[in-house]
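The numbers here are math on the coordinates, done by the rules we state, and not lab data. As the structure is a prediction and not an experimental result, all values here were calculated from the model. Counting neighbours? That spans all protein chains shown, and the Cβs are built from the backbone with ideal geometry, glycine included.
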Amino acid sequence: MARKDRLSGNEAVAFAMKQIDPDVMGAFPITPSTEIPQYFAQYVANGEVNTEYVTVESEHSSMSTCIGASAAGGRAVTATSSCGLALMWELLYVAASDRLPIVLACVNRALSGPININNDHSDSMGARDSGWIQIYAENNQEAYDNFVQAYPIAEAAGVRLPVMICQDGFITSHAVENIELCEDAEVKDFVGEYNPEHYLLKHENPLAVGPYGVSPYYMEAKVAQAHAMMNAKQVILDVGRRFGEMTGRSYGFFESYQLDDAELAILLIGSSAGTARACVDELRAQGKKVGMLKLRVFRPFPAEEIAEALKGCKAVAVMDKTESFSGNGGPLGAEVRGALYDLPTPPRVINYVYGLGGRDFRVEDCAQVFDELAEVAVNGVTGSTYRHIGQREE
Amino acid sequence: MIHAKDINEHSPWQQLTPGCEIYEPGTAAAFNTGDWRTATPIYHADRCKQCLLCAPYCPDCALRVKDGKLTGIEYMHCKGCGICTKVCPFGAITFEEEGK
């Protein structure tokens with residue numbers, strides 16, 4: 001039986017953590033994720049969870065705590081944002097390459113500088129090659145739902161990889177929305193007991209974790225890790241389907257909105273999807289064939305599925321909420337364009353960088369993107385494929 | 001379960017353990033680290049008084065002691081640091097460059 005409530009995105013994630021009751025939390029505050037360990041500390045103080053709550057001196061240490069706890073055989077959890085994630089960098093790679101199924105609640109925030117506490121995706125997008133599974137939420141409900149699905153994905157045989165559950169800082173983390181929560185017992189049952197085959201505290205079977213990998217082994221280790229990420233695709237679909245059977249809310253790699261007959265499409269990640277959906281509705285009412293693809297899973301990257309979903313479009317706008325300073329566009333733009341390249345007649349792709357450091361993405365901005373796409377599709381003149389939107393110009 | 005002895009430099013990636021975990025203790029014994037050596041300690045039994053000052057100084061247990069007596073140097077793990085040659089008061093361990 002579901003129960004209805006009204007929670008902020010941070011509250012929703014903290015509540016999911018409570019229902020999961022992980023063994024160890026590495027806790028360190030940073031805006032806008034601070035509330036997650038803060039709410040969770042109340043659950044610990046009230047005796048509502050059995051979690052060992054470790055207050056550490058930095059994010060480098062919170063991820064190190066999670067690595068130690070996970071290697072020891074426990075379920076480990078942490079939350080962070082922005083520069084906190086950046087300080088974890090070295091350990092993100094250690095967690096993934098040691099194949100430790102840690103779950104991190106990432107509340108997306110811009111990286112410095114100029115120093116800024118508001119939302120964009122530069123923190124987690126920067127960590128895109130660290131070997132973590134990355135799942136993004138549009139709203140509080142999805143942040144909660146994704147978090148409940150995280151451990152079953154992370155711990156699955158053939159995967160064993162850490163998972164980053166991302167939501168947009170302030171836009172969802174601090175906004176209160178209606179939400180449908182699972183019962184505690186449902187979550188416990190869905191997530192299940194964690195019984196790893198090998199762990200450091202299993203004294204009858206001594207284990208070494210994270211050994212040195214000389215050249216004759218490193219390449220093989222990385223190929224194995226890459227296959228674990230590929231294996232995650234099917235597991236993510238299976239877990240998303242199983243979650244749907246429990247709640248009525250099924251999840252895949254992405255949501256297609258009005259894409260079936262769309263000539264123009266916008267592809268984006270996170271809370272901007274609500275804005276884009278409203279814009280699609282307005283333009284559809286005017287008879288324009290427009291649609292949206294809201295990407296939920298960025299790692300592993302569902303390239304074939306995206307190509308299949310967009311193959312009928314004439315032009316696609318790929319929206320990067322991060323600047324990669326490649327001089328050629330953002331990471332999402334590069335990967336989507338790569339995914340579409342092998343289609344017999346790929347759509348034109350325009351890559352927009354938008355919404356940096358909390359810059360609003362309004363319905364009018366989205367309409368402007370569709371206007372520009374229409375130019376590209378009608379006139380066939382692509383122009384610059386790397387554009388910024390939402391900034392002041394002289 | 002995959003044992004360390006079953007993994008070698010010819011193993012395909014499918015036969016590595018997840019994260020290169022090692023499921024047993026003491027596997028360093030099977031790993032030849034002596035090939036790092038550029039100089040070699042040579043044990044001269046005729047000069048040795050069996051004082052055993054050398055053995056606890058070896059950073060890698062390469063000085064083999066059996067029944068209270070030094071029996072020689074185990075070159076599979078000796079990295080040629082030369083500490084034992086400095087510690088010995090009797091010149092029973094000399095230090096010679098590899099290849100000479």
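Summary table
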| item | result |
| --- | --- |
| Percent antiparallel among DSSP beta bridges (both partners in region A:254-389, rounded to 5) | 15 percent |
| Candidate lysines for bridging to residue B:79, where Cα separation is under 23 Å - those fewer than 8 sequence places away on the same chain excluded | B:5, B:66, B:69, B:100 |
| Crossing angle, helix A:272-285 versus chain A [Cα axis fit, 0-90 degrees, rounded to tens] | 30 degrees |
| Acute angle (nearest 10 degrees) that the helix A:363-379 long axis makes with the longest principal axis of chain A, alpha-carbon atoms | 60 degrees |
| For chain A, the longest site-free run once chymotrypsin sites (Phe, Trp or Tyr not before Pro) in DSSP loop states with at most 14 other Cβ atoms within 10 Å are removed | A:1-211 |
| Dipole-positive endmost among B:57, B:12, B:34 within region B:1-71 (Cβ charges, Cα centre) | B:57 |
| Where only alpha carbons of region B:32-100 are counted, the Rg and the Dmax (Å) | 11.1, 33 |
| Contact order relative to length of chain B, as percent, for alpha carbon pairs under 8 angstrom and 6 or more apart | 32 percent |
| Degrees separating the helix A:9-20 axis from the principal Cα axis of chain A, which is the longest one | 40 degrees |
| Highest-fluctuation residue, A:88, A:63, A:246 considered, GNM on chain A with Cα pairs under 10 Å | A:246 |
| Lys, Arg +1 and Asp, Glu -1 on Cβ, resulting dipole of region A:3-247 about Cα centre, debye, nearest 20 | 440 debye |
| Space enclosed by the convex hull of the alpha-carbon atoms of region A:273-394, per residue, Å³ | 125 Å³ |
| Unit charges on C-beta of K, R, D, E only; dipole of the protein assembly as shown, Debye | 1060 debye |
| Value at 222 nm in deg cm²/dmol, rounded to 500, when DSSP H runs of n ≥ 4 in the protein assembly as shown each add -39,500 (n - 2.57) | -10500 deg cm²/dmol |
| Selected from A:137, A:285, A:127 as most flexible by GNM, with chain A as the system and alpha-carbon contacts under 10 Å | A:285 |
| Proxy reagent accessibility, fewest Cβ within 10 Å first, across A:122, A:326 | A:326, A:122 |
| Lysine pair count for chain A [Cα-Cα under 27 Å; pairs on different chains or 8 or more apart] | 23 |
| Mean separation of Cα contacts under 8 Å (6+ apart) over length of region A:69-187, as relative contact order % | 28 percent |
| Choice from B:42, B:73, B:22 showing the highest fluctuation, given a GNM over chain B with Cα pairs closer than 10 Å | B:22 |
| For region A:238-263 and region A:79-119, distance of Cα centres in Å | 27 Å |
| Stokes-Einstein diffusion coefficient of the protein assembly as shown, Kirkwood radius over Cα pairs, 37 °C, 0.692 mPa s, in µm²/s | 129 µm²/s |
| Relative contact order, percent, chain A [alpha-carbon distance under 8 Å, six or more residues apart] | 15 percent |
